[in-house]
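Derivation of every value follows stated rules applied to the coordinates shown; laboratory data play no part. No experiment lies behind these values; they were computed from the predicted model shown. So basically every Cβ, Gly included, is an ideal-geometry build from the backbone, and we count neighbours across all protein chains shown.
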Amino acid sequence: METPTTLRIDDHSSYVVITLNRPERLNALSPLLLRELRQALEEVAQDRAVRALLLTGEGRGFSSGADLRDAEGEVGRSGTVDVANHLLHGYHPVITLLRTMPKPVVCAINGVAAGAGCSLALAGDLVLAARSATFIQAFTRIGLIPDAGSTYLLPRLIGRQRALGMVLLAEPVSAEQAESWGLIWRAVDDDRLHSEALALVQRLADGPTVAFGLAKAALEASFGATLDEQLALEAMLQGTAAQTADFRAGVAAFQQKRAAQFRGE
Ligand code: LHQ
């Protein structure tokens, strides 16, 4: 991939850190950033050596959502951009790649996550946030509805009432509030965010990657399934997990009373 101009990509061999890098606009999601992020995510998804992903932002924001000042997309000038197409071709591949990534995705929310930036933050598997970070469903402030997955994710994470509160009032929700609602995994002190996120992604990268990917898929499928369908899916996916070298390594380590060394296959 060509060196991206809106992202920083750090390859730590077993995991990759992608940093949104337009801090002067609080990492607003320009069409170029979305294209570069999509390409980076496709590469992470396909690279078997990469066993986990950390997504974070540079500067004092995680992401302020759609770039309302971008000249290319002209989102800010009402009627000059085909919003539905921009969503279909710009945002949706990114959200889908994150949700279907066959390896764990940690999001480290370093500051405000607004609009589609909030959707992006919540698309991760485990979301850590700096205590000073906020989550704003900013869409209705500008007369839009939540997009980029927020109407799917919010009710599943926090229920209808809190989802509606966030959407209709569009007020900042603190990291601590987000943690207590179950919107995110954990709020951590600002100066600990980076080290805690790296420790978490390293831990996940050392885990049974195939099982992690299959577990994610099973949990995702559960919302649209009956118990019988879900039991059948579990049996099928477990059949796959049980064929991995990591399963054999895990059982052997248990029998020998030592920690397992997983290789992600
Ligand atoms: C920005 C942005 C921004 C550009 C701050 N764009 N520059 C919509 C349309 C079409 C298709 C697809 O989907 C969507 C979905 C959406 O995401 S709609 C929601 C879009 N986002 C927003 O409405 C949030 C807009 N931003 C804000 O409300 C504030 O900036 C927040 C609350 C995020 C942060 O406030 P402050 O901490 O006070 O920072 P600031 O407002 O001073 O912003 C700092 C700079 O970043 C500033 O630039 P400047 O040159 O004046 O220093 C802002 O213009 C720029 N910026 N958000 N979305």
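Sort out which residues of segment 96-137 are aliphatic (A, V, I, L, M), near the ligand (Cβ under 9 Å from one of its atoms) and surrounded by fewer than 24 Cβ atoms within 10 Å (Cβ to Cβ), and write them in order of number. If the condition is that a residue be aliphatic (A, V, I, L, M), near the ligand (Cβ under 9 Å from one of its atoms) and surrounded by fewer than 24 Cβ atoms within 10 Å (Cβ to Cβ), then 136 is the only one that fits.
Checking the structure you have, find out if any residue of segment 179-186 is surrounded by 22 or more Cβ atoms within 10 Å (Cβ to Cβ) and outside any helix (DSSP H, G or I). Yes: segment 179-186 contains one or more residues that are surrounded by 22 or more Cβ atoms within 10 Å (Cβ to Cβ) and outside any helix (DSSP H, G or I).
Among the criteria (1) more than 20 Å from residue 44 (Cα to Cα); (2) outside any helix (DSSP H, G or I), the one residue 207 does not fulfil is (1).
Return yes or no: is residue 19 free of Cβ contacts under 8 Å to residues at least 12 places away in the same chain and within 15 Å of the chain's Cα centre (by Cα)? Here the answer is no, as residue 19 does not meet what is asked. Evaluating residue 88 against the criteria (1) away from the ligand (no atom under 11 Å from the Cβ); (2) without any contact (Cβ under 8 Å) to a residue 24 or more places away in the chain; (3) under 19 Å from residue 34 (Cβ atoms) leaves one unmet condition, (1).
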